[in-house]
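Chemist: Below is one structure. I have some questions about it.
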Amino acid sequence: MVIRTDAFSIAKPFRRDTLPALKLPVPPARKSEYLIENMSKSDFGLIGLAVMGQNLVLNVESRGFQVSVYNRTTAVTDQFIADNPEKKLVGCRTLEDFVESLSTPRKIQIMVKAGAAVDAVIDSLVPLLNKGDIIIDGGNSLYTDTERRDADLSEMGLRFIGAGVSGGEEGALKGPSIMPGGPLSTWEVMKPIFESISAKVNGEPCVTHIGPGGAGHYVKMVHNGIEYGDMQLICEAYNIFKAAGFTTDEMAKVFTDWNDGDLESYLIQITSKIFAEKDDETGQPIVDLIVDKAGQKGTGQWTLQNAVENAIVISTINAAVEARILSSQRKQRLAASKELHGPEAAISLDKQALVDKVHDALFASKIISYAQGLDLIKTMGEKKSWGLDLGKIAAIWRGGCIIRAKFLNRITDAYRGNPGLTNLMLDPFFKDLLNKFQQNWREVVAIAVTNGIPVPAFSASLGYYDSYRAARLPANLLQAQRDFFGAHTYERLDKPEGKPFHTEWPDVVEDDA
């Protein structure tokens, strides 16, 4: 419980002599507005009381920890404390009082917008902290920013964790999936809190130490990329059903049935609920009234950029990001729809038959999205020597997070059983599914293309599958072209591997016209 007082804080003064001099001035001390009745120190502190931050605080407090909170807008802090009078919360109006209210080593989680805001909060905190104190960035920060902050704070004797938190507002309150990176010793300090607040699957906490430095935020970034792919694939299934004349009530039933089967997942479940929701004002389905312009916060684009840097194909995620970009160009699309021609959709297939085929196409494409994302994580982990465990990563995605799904149990088993698995598609379980689903998958893509229905993620997923399984691709012609115009050389099938060859190609005759 918290009481208000005008008395100055009677806590011990901050020890700034243990930290190097900083350019930023130390803020002057101000009167404390809140003090715990028994003056006990809090176990955990959080800065940034937006909905995610508030729900995380309530989650931590519900596990028996006392929590201090601070928000730049003091009215938000006042209201949050007033709304939760019986909880073990300490509201602070100054950073000085916030820091001093915490037991050592201080454990402070930042929940603010990624980028400059995170740096600003850290810069304000550093003069108030002691060596060994821990700062946790729980937002969606770019992993390279996390590595920079980790290096800078380590030099000052402070500890830093970049922790990806997935699950949205509900997950933050009831149990998210948490992906913390940083030193193993720091993880051991945070482990009791993180494990207690995370989601649980079969008694296993949906949190593990991902790896050093920026590994946690990196894995969260790729998680979000997979999420982009998953969401786009569901949207393409919806678009096919809509073109085939399904009502939203019929689609709600389809997705409800799917969620009771092998496609069970959080995204499938919420999609079924979205289709069932009606607008109070018009009586129409809410989904039909929403403008078709998708937003994004950057993690999908970061994933694409990193994949290019590592020469890893993530075509499903790429298609999903591009689909969001094209959706945002709504004015251009509306104008083009009057100028560019295509077929009128006329899907004559029996509805249940179509549902069965789309089920298989969706499941197969989802496997590809995860296979590509995990391939990228594996490659980057090896490049950075992070020691990433794909089995553990898949396991903590089984609960709490947005991409949680029934088949993540199978992904977990795949990598636990074979840590050196080259690609998820080659695991016996997923190989059999892809072989089983591939014909319906092709038919769905063909139906969509024939009827002018855009399915970029379905198509990209199938293209990846067919390219990966091809014993021979037309890259031999590409190499010939490169050698023709640039003397880049090529290898021969009938000669030792690695030996370069070059052909003196005939001259190109220019047209005088």
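Chemist: Under a 5 Å amide H to amide H cut-off, with H placed in plane at 1.01 Å, what residues pair with VAL201 once short-range neighbours are removed?
Modeler: Hits under the 5 Å cutoff: CYS206.
Chemist: Hey, got the Cα dimensions of region 166-220 along the principal axes, in Å, largest first?
Modeler: 28, 21, 17
Chemist: Please calculate how many Å² of accessible area the chain carries per residue, with a 1.4 Å probe and no DNA, RNA or ligand atoms counted.
Modeler: Numbers: 24810 Å² over 513 residues.
Accessible area per residue, the chain: 48 Å².
Chemist: Which values of log₁₀ I(q)/I(0), to two decimal places, follow from the Debye formula for region 187-319 at q = 0.10, 0.17, 0.21 Å⁻¹ with a uniform point scatterer at every Cα?
Modeler: So the normalised log intensities are -0.49, -1.08, -1.23.
Chemist: Of the heavy-atom accessible surface of the chain (probe 1.4 angstrom), what whole percent is carbon and sulfur?
Modeler: 53 percent
Chemist: For region 233-275, what is the per residue volume of the convex hull drawn over the alpha-carbon atoms, in cubic angstrom?
Modeler: 58 Å³
Chemist: Got a sec to turn the phi values of region 329-345 into Karplus ³J(HN,Hα) couplings, 6.51 cos²θ - 1.76 cosθ + 1.60 with θ = phi - 60°, whole Hz, x for Gly and Pro?
Modeler: Working through the residues one at a time gives 8, 5, 4, 5, 5, 5, 5, 5, 4, 8, 10, 9, 9, x, x, 7, 5 Hz.
Chemist: Between SER154 and GLN79, what length in nm is gained on full extension when 0.36 nm per residue of separation is reduced by their alpha carbon distance?
Modeler: Stretched out fully, the SER154 to GLN79 stretch lengthens by 23.4 nm.
Chemist: Please report, in whole Å, how far the alpha carbons of region 331-375 spread along each principal axis, starting with the longest.
Modeler: Per principal axis, max minus min of the Cα coordinates gives 40, 33, 13 Å.
Chemist: Roughly what % antiparallel, to the nearest 5, for the DSSP beta bridges in the chain?
Modeler: If we restrict to bridges inside the chain, about 35 percent are antiparallel.
Chemist: Let me ask you something else. What translational diffusion coefficient, to the nearest whole µm²/s, does region 340-424 have by Stokes-Einstein, given a Kirkwood radius computed over alpha-carbon pairs, a temperature of 37 °C and 0.692 mPa s viscosity?
Modeler: The diffusion coefficient I find is 216 µm²/s.
Chemist: Across all directions of projection, what mean area in square nanometres is found for the Cα convex hull of region 247-394?
Modeler: The orientation-averaged projected area of the Cα hull of region 247-394 comes to 12.3 nm².
Chemist: Sticking with this structure for a sec: From Cα pairs below 8 angstrom and at least 6 apart in sequence, can you work out the relative contact order of the chain, rounded to a whole percent?
Modeler: With pairs under 8 Å counted, the relative contact order is 12 percent.
Chemist: How many percent of Cα pairs in region 299-369 exceed 14 Å?
Modeler: The share of Cα pairs beyond 14 Å in region 299-369 comes to 75 percent.
Chemist: Let me ask something else. So if the hydrodynamic radius of region 43-168 is defined as the Kirkwood radius over C-alpha pairs, what does Stokes-Einstein give as its diffusion coefficient at 20 °C and 1.002 mPa s, in µm² per second?
Modeler: 147 µm²/s
Chemist: Right, here's the next one. Could you tell me what a quarter of the Cα convex hull surface of the chain works out to, in nm² with one decimal place? Please list the in-between numbers first.
Modeler: Working: hull surface 131.5 nm².
Result: a mean projected hull area of 32.9 nm².
Chemist: Same structure, new question: State, to one decimal in nm, how far the label point of ASP260 lies from the label point of GLU309, with both points 7 Å from Cα in the Cβ direction.
Modeler: Taking the two extended label points, one gets 4.7 nm.
Chemist: Quick check: pseudo-label points 7 Å beyond the Cα along Cα→Cβ at LYS278 and ASP123, how many nm apart are they?
Modeler: Going from the LYS278 label point to the ASP123 one covers 5.5 nm.
Chemist: Given the C-alpha atoms of region 187-256, compute the convex hull and give its volume per residue in Å³.
Modeler: Enclosed volume per residue, from the Cα hull, is 111 Å³.
Chemist: Taking N as the number of residues in region 141-188, what is its Cα Rg relative to 2.2 N^0.38 Å?
Modeler: Its radius of gyration relative to the 2.2 N^0.38 Å reference: 1.31.
Chemist: Quick check for region 365-513: number of Lys pairs with alpha-carbon distance under 16 Å, counting only pairs 8 or more apart or on different chains?
Modeler: Value for region 365-513: 5.
Chemist: Determine ³J(HN,Hα), in whole Hz, for all residues of region 90-101 in sequence, where each value follows from phi through the Karplus function 6.51 cos²θ - 1.76 cosθ + 1.60 and θ = phi - 60°; x replaces Gly and Pro.
Modeler: Going residue by residue, I get 10, x, 10, 9, 10, 5, 4, 5, 4, 5, 5, 7 Hz, with x marking Gly and Pro.
Chemist: Roughly speaking, what is the centre-to-centre gap between region 129-154 and region 436-507 when only Cα atoms are used, to the nearest Å?
Modeler: 43 Å
Chemist: Please list, in order, the residues from region 119-143 whose amide nitrogen is less than 18 Å from a point placed 7 Å along the Cα→Cβ vector of GLN301.
Modeler: 140-143
Chemist: Heavy atoms only, probe 1.4 angstrom, no DNA, RNA or ligands counted: give me HIS488, HIS223, HIS359 ranked by accessible area, highest first.
Modeler: Working: HIS488 90, HIS223 0, HIS359 30 Å².
The ranking, largest first, comes out as HIS488, HIS359, HIS223.
Chemist: With Kirkwood's inverse mean 1/r over C-alpha pairs for Rh, give me the Rg to Rh ratio of region 96-167, two decimals please.
Modeler: 0.94
Chemist: Something else: How about LYS331: which aspartates and glutamates have a C-alpha closer than 20 Å to its C-alpha, ignoring those fewer than 8 places off in the same chain?
Modeler: ASP288, ASP292, GLU322, GLU339
Chemist: Subtract the Cα-Cα distance of SER103 and ASP494 from 0.36 nm times their separation in residues, and report this length gain in nm to one decimal.
Modeler: Taking SER103 through ASP494 to full extension adds about 133.7 nm, to one decimal.
Chemist: Sorted from largest down, give the three principal axis spans of the alpha carbons of region 438-502, whole angstrom values.
Modeler: Cα extents, longest axis first: 45, 24, 15 Å.
Chemist: Going 7 Å from the Cα of SER348 in the Cα-to-Cβ direction, what parts of region 237-264 have a backbone nitrogen less than 20 Å from that spot?
Modeler: Zone members listed by number: 240-246.
Chemist: If the cut-off is 20 Å between C-alpha atoms, which lysines fall inside it for LYS107, apart from same-chain ones fewer than 8 positions away?
Modeler: In chain and number order, the partners are LYS12, LYS41, LYS87, LYS88, LYS131, LYS191.
Chemist: Also: Could you work out the Rg to Rh ratio of region 373-513, with Rh taken as the Kirkwood radius (inverse of the mean 1/r over all Cα pairs)?
Modeler: Reported Rg/Rh (Cα atoms, Kirkwood Rh): 1.11.
Chemist: Decide, for region 386-466, between rounded, prolate and oblate: order the square roots of the alpha carbon gyration tensor eigenvalues as a ≥ b ≥ c, take rounded if a/c falls under 1.5, and otherwise choose prolate if a/b is larger than b/c, else oblate.
Modeler: It is prolate, given that a/c is not under 1.5 and a/b is the larger ratio.
Chemist: First check a/c for region 59-115, with a ≥ b ≥ c the square roots of the eigenvalues of its C-alpha gyration tensor; if it is under 1.5, answer rounded, and if not, answer prolate when a/b is larger than b/c or oblate otherwise.
Modeler: rounded
Chemist: So, one more: GLN479 to SER385: FRET efficiency via 1/(1 + (r/R0)^6), r the Cβ-Cβ distance, R0 22 Å, to the nearest 0.05?
Modeler: Result of the calculation: an efficiency of 0.10.
Chemist: How large is the accessible surface of PHE484 in square angstrom, using a 1.4 angstrom probe and rounding to the nearest 10?
Modeler: PHE484 has an accessible surface of roughly 90 Å² with all protein chains in place.
The values are calculated or read from the model by the stated rules, or taken from the named source; none is laboratory data. Given the structure is predicted, the values throughout are model-derived calculations rather than measurements. Positions of Cβ are backbone-derived with ideal geometry, glycine not excepted, and every protein chain shown enters the neighbour counts. Surface accessibility is based on the protein's heavy atoms, side chains included, excluding ligands, DNA and RNA. Shrake-Rupley method; radii C 1.70, N 1.55, O 1.52, S 1.80 Å.
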